[in-house]
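Worksheet for the structure shown next.
The values are calculated or read from the model by the stated rules, or taken from the named source; none is laboratory data. On a predicted model such as this, the values are computed, not experimentally measured, just so you know. Positions of Cβ are backbone-derived with ideal geometry, glycine not excepted, and every protein chain shown enters the neighbour counts. Accessible surface is based on the protein model in full, side chains and every heavy atom, while ligands, DNA and RNA are left aside. Shrake-Rupley method; radii C 1.70, N 1.55, O 1.52, S 1.80 Å.
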Amino acid sequence: MELRDIEIFLTLADELHFGRTAERLHVSQARVSQAINAQEQAIGARLFTRSSRRVELTPIGAELRDDLRIGYRAILDGVAKARSAAVGICGELRLGVMGNDSAMFLEHIAEFRKRYPGADVVIHEIHFSDLLGPLRRGG
């Protein structure tokens, strides 16, 4: 199974609609149908039940979705990490905060970690009386 076919399967498992899946992935509905049919033939079982009104995961399809999500996420993270390293965005970002101020940065830190998985964010608490001390000490 190729990465694109896994992406098609996982998107259909989320959308449960061939048209929305095709639109979201910028492919034709025929391509989505072909990919799912090929996967079902390769596995030897139906992954979705389909009617003119409804698409649902079969128990085998639901189990496959859960198993593939883990690997697919790991592949995307690995590629993102390699891209970050290629452009030099890796290593450690140190953020000095006073008291509970780190809470206001949590959303931004999560986004940074998602975008640059090769980089790590380390939060250091600093005291008002020694704002530049950690910088001077290299910490």
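Figures for the structure shown
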{"quantity": "Within the accessible area of the chain (1.4 Å probe), percent carbon and sulfur", "calculated": "54 percent"}
{"quantity": "Cβ crowding within 10 Å averaged over residues, with 1-10, 88-97 ranked highest first", "calculated": "1-10, 88-97"}
{"quantity": "Antiparallel bridges, percent of DSSP beta bridges restricted to the chain (to nearest 5)", "calculated": "30 percent"}
{"quantity": "Full-stretch length increase - Ala103, Ala80 - with 0.36 nm per residue and alpha-carbon distance subtracted", "calculated": "5.7 nm"}
{"quantity": "Listed residues Val121, Val27, Val79 arranged by accessible area, highest first, probe 1.4 Å", "calculated": "Val79, Val27, Val121"}
{"quantity": "Label of the coordinate-derived value, Kirkwood radius over Cα pairs in Å, listed as [x] 16.7; [y] 15.7; [z] 18.4", "calculated": "[z]"}
{"quantity": "Per residue solvent-accessible surface (Å²) - the range 1-66, probe of 1.4 Å", "calculated": "61 Å²"}
{"quantity": "Cα long-axis angle, helix 29-43 against the chain (0 to 90 degrees, to the nearest 10)", "calculated": "80 degrees"}
{"quantity": "Long-range HN-HN contacts of Ile123 with modeled amide H, under 5 Å", "calculated": "Leu95"}
{"quantity": "Global form of the range 90-137, assessed from the alpha-carbon gyration tensor, a/c cut-off 1.5", "calculated": "oblate"}
{"quantity": "Proximal charge balance of Ile126 [Cβ under 12 Å; K/R count +1, D/E count -1]", "calculated": "0"}
{"quantity": "Computed over the chain: relative contact order in percent, which uses C-alpha pairs under 8 Å that are six or more apart", "calculated": "18 percent"}
{"quantity": "Segment Asp67-Arg54, length gained on full extension (0.36 nm per residue, minus Cα span)", "calculated": "2.3 nm"}
